[in-house]
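Enquirer: Input: one structure, supplied below.
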Amino acid sequence: MSALMRAGEPTPGKITIVDHNGRPFRSERTVTRRASYDAARTDNENKKHFAPADDLAAVGQLTPEVRRVLRKRTRHEVLNNCYAAGIVRTLVTDTVGTGARLQMLTDDDALNRSVEDLWRVWAAAADWPLTSRVLCGVEIVAGECFGVFRDSKRLERLGLPVTLDVRLIEPDQVAHPAGYYPLGNTNGDDGIECDEDGDPTTYLILKKHPGDPRSLWVTGQADRVDARNVLHWLRPERPGQLRGVTMLTPALPILAQLRRFTTATLTAAEVAALLAGVLELPDGNLDPNGPEDDDTPVAMDTIPLVRGMLLTVPGGAKVTQFKPEQPTTNHDMFVATKLREIGRAIDMPFGKVAGDHSRYNYSSGRMDDGPYWHGRDIHRQGLEAKVFDPALYRWFEFAKFAIPKLIGYEGQWWKLRHRWQYDARPVTDPVKDASADELNLTNGADTLAAIAARDGVSEEELVIARKRTYDLFVKHGLPLPPWMVGTQAPARTTTDEPAPAQEGTRAA
């Protein structure tokens, strides 16, 4: 048998299927169809745009150097950009405000009052609201903030039974003293050691801030602090992310553009304002050099002017006022567009970002405020889980020696039911909100506790305040208002006309 076989001839030792003419069937080429995404294609139009894209893990993407550069640039922008500074302060004010207030919800009313009173005294002495605001602001600017529990000598000198305090640490100071990732720390990140489950066990806190000139004396020295004594506030965006990055990261280029555009516009306007006018001469009448004794104007020469003066010009010359071109009518539109883009990245409406609500009406204002305040509730929930509740549980370890009922408590501190109260939200139309609360209470769609919480007080505080007011009215023999005697309040007049004057009085 020839080693070479004719094309189409069956191979010996194999079963070949042939057609009616005895020729073997030839299988058609299979065409594989695949689903595709336009965004997954690489072409000449998008390859430069997506060139910096990577598939690194969170620990590889947020390297110490990347986080250091982002922190440095964000701090610079917040210190020098009015919009950036206003954004941070608005977020801190609306999230923390005057501080979260503790409300105990156990079945023991006496225990609740004792804990709330002692917490209120301690929070004022330790300035816990200020600590909360600084921690919240540092996280917005730097991406994360740390706090270390300590025993305060200042509170001890004041005679407080609870001497717990929190020392805030900037993220720059939580790092490996050698300045690199140790190879043995396979489960942690820079300055954080974790167990096999990825939970932090130890934090490495440098003796001094790297930006402190005094840190030269303690270079390479760090304290190993147990994770139980550390508060770490960050909002991770990826699984396995242990270090934070500022929420203003996507807005940094836009904030820089706003500053550059404003500076360029102002420079152009200043140059135009400095030139009172331009002297135009016919061709050939302008001396490019001009001898000193010649009165012919020299090119690019300047003529000093006096206010209210009468000016004569050479024959054929023409004086025109310099026409400024900046700022253009599109300047406000450009700024507003950029501010909206910034607000979208941080989930903040335009009115909050710009500090200008003149473009809103009542409905659009409430529509914008809804998602914004929902974002603040999410922000607060994270603060409660990562900062407020752990701080309260550690606070109980000190307070149990001052509150007798806590000494005999053998359960876990988290089993003592509680919640946090915040400042009341700003009200656009108090009348409409009060009418809605009254209607919801009447039909059972709302509770007094929920309404009191929105007002920043507890249900018990509200009822006690009403009882105290009632007792004062009765004590001094004053007529009781309608809400005290259970009658309906008089309807508000809807007319703008003044009410008629009563007999014996004078109309306004």
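The values are calculated or read from the model by the stated rules, or taken from the named source; none is laboratory data. Quick caveat, the model's predicted, so the values are computed rather than measured. All Cβ positions, even for glycine, are placed from backbone atoms using ideal geometry, and neighbour counts span all protein chains on display.
Enquirer: Can you name the residue in region 238-270 that is touching a residue at least 60 places away in the same chain (Cβ under 8 Å) and among the charged types (D, E, K, R) and is also nearest to P171 (Cα to Cα) among such residues?
Expert: So the residue we want is R243.
Enquirer: Of the residues F350, F398, which single one is in contact with a strand residue (DSSP E or B) (Cβ under 9 Å, 6 or more places away or on another chain) and modelled with pLDDT of 80 or more? Give the steps one after another, and end with the answer.
Expert: Working: F350 fails: in contact with a strand residue (DSSP E or B) (Cβ under 9 Å, 6 or more places away or on another chain).
Only one candidate passes the filter, namely F398.
Enquirer: What are the residues in region 102-141 that are of a type in the set (D, E, K, R) and surrounded by fewer than 21 Cβ atoms within 10 Å (Cβ to Cβ), if any?
Expert: At the first step, the residues of region 102-141 found to be of a type in the set (D, E, K, R) are 107-109, 113, 116-117, 120, 127, 133, 139.
Within region 102-141, D107, D108, D109, R113, E116, D117, R120, D127, R133 meet the criteria.
Enquirer: Would you mind finding the one in P282, P250 that is at pLDDT below 85 and either in a loop (DSSP other than H, G, I, E, B) or not acidic (D, E) (or both)?
Expert: Details: P250 fails: at pLDDT below 85.
After ruling out the rest, the residue left standing is P282.
Enquirer: Would region 10-33 turn up any residue that is part of a helix (DSSP H, G or I), farther than 30 Å from V335 by Cα and either modelled with pLDDT under 85 or not aliphatic (A, V, I, L, M) (or both)?
Expert: no
Enquirer: Specify which of the listed residues (V225, V230) is β-branched (V, I, T) and within 26 Å of V88 (Cα to Cα). Step through it out loud before you land on a result.
Expert: Values: V225 fails: within 26 Å of V88 (Cα to Cα).
V230 is the lone residue from the list that is β-branched (V, I, T) and within 26 Å of V88 (Cα to Cα).
Enquirer: Please determine whether any residue of region 480-499 is within 20 Å of N112 (Cα to Cα) and modelled with pLDDT of 75 or more.
Expert: If we filter region 480-499 for residues that are within 20 Å of N112 (Cα to Cα), which is where we start, we get none.
Checked against the condition, which is being within 20 Å of N112 (Cα to Cα) and modelled with pLDDT of 75 or more, region 480-499 yields no hits at all.
Enquirer: Follow-up. Which residue pairs have Cβ atoms closer than 9 Å, lie 6 or more positions apart in sequence or on different chains, and pair a first residue in region 78-96 that is touching a residue at least 24 places away in the same chain (Cβ under 8 Å) with a second residue that is aromatic (F, W, Y)?
Expert: Correct list of pairs: D94/Y372; D94/W373; T95/Y422; V96/Y422.
Enquirer: What tally of residues in region 407-426 results from selecting those that are more than 22 Å from E459 (Cα to Cα) and either under 20 Å from the mean Cα position of the chain (by Cα) or surrounded by 13 or more Cβ atoms within 10 Å (Cβ to Cβ) (or both)?
Expert: 2
Enquirer: Taking the options R113, R41, R71, name whichever one is in contact (Cβ under 8 Å) with a residue 12 or more places away in the chain and not hydroxyl-bearing (S, T, Y).
Expert: Details: R113 fails: in contact (Cβ under 8 Å) with a residue 12 or more places away in the chain; R41 fails: in contact (Cβ under 8 Å) with a residue 12 or more places away in the chain.
Answer to the check: R71.
Enquirer: Filter region 207-241 down to the residues that are assigned to a strand (DSSP E or B), under 27 Å from the mean Cα position of the chain (by Cα) and farther than 18 Å from L62 by Cα and list them by number. Let's see the steps before the verdict.
Expert: The initial filter retains those residues of region 207-241 that are assigned to a strand (DSSP E or B), namely 222-226, 230-234.
If we keep only those that are under 27 Å from the mean Cα position of the chain (by Cα) too, we end up with 230-234.
Within region 207-241, V230, L231 qualify.
Enquirer: Kindly check whether there is at least one residue in region 420-427 that is of a type in the set (D, E), in a loop (DSSP other than H, G, I, E, B) and free of Cβ contacts under 8 Å to residues at least 40 places away in the same chain. Steps first, answer last, please.
Expert: First pass over region 420-427, keeping only residues of a type in the set (D, E): 423.
Those left that are additionally in a loop (DSSP other than H, G, I, E, B): 423.
When the remaining residues are screened for being free of Cβ contacts under 8 Å to residues at least 40 places away in the same chain, the result is none.
Looking for residues that are of a type in the set (D, E), in a loop (DSSP other than H, G, I, E, B) and free of Cβ contacts under 8 Å to residues at least 40 places away in the same chain, one finds none in region 420-427, hence no.
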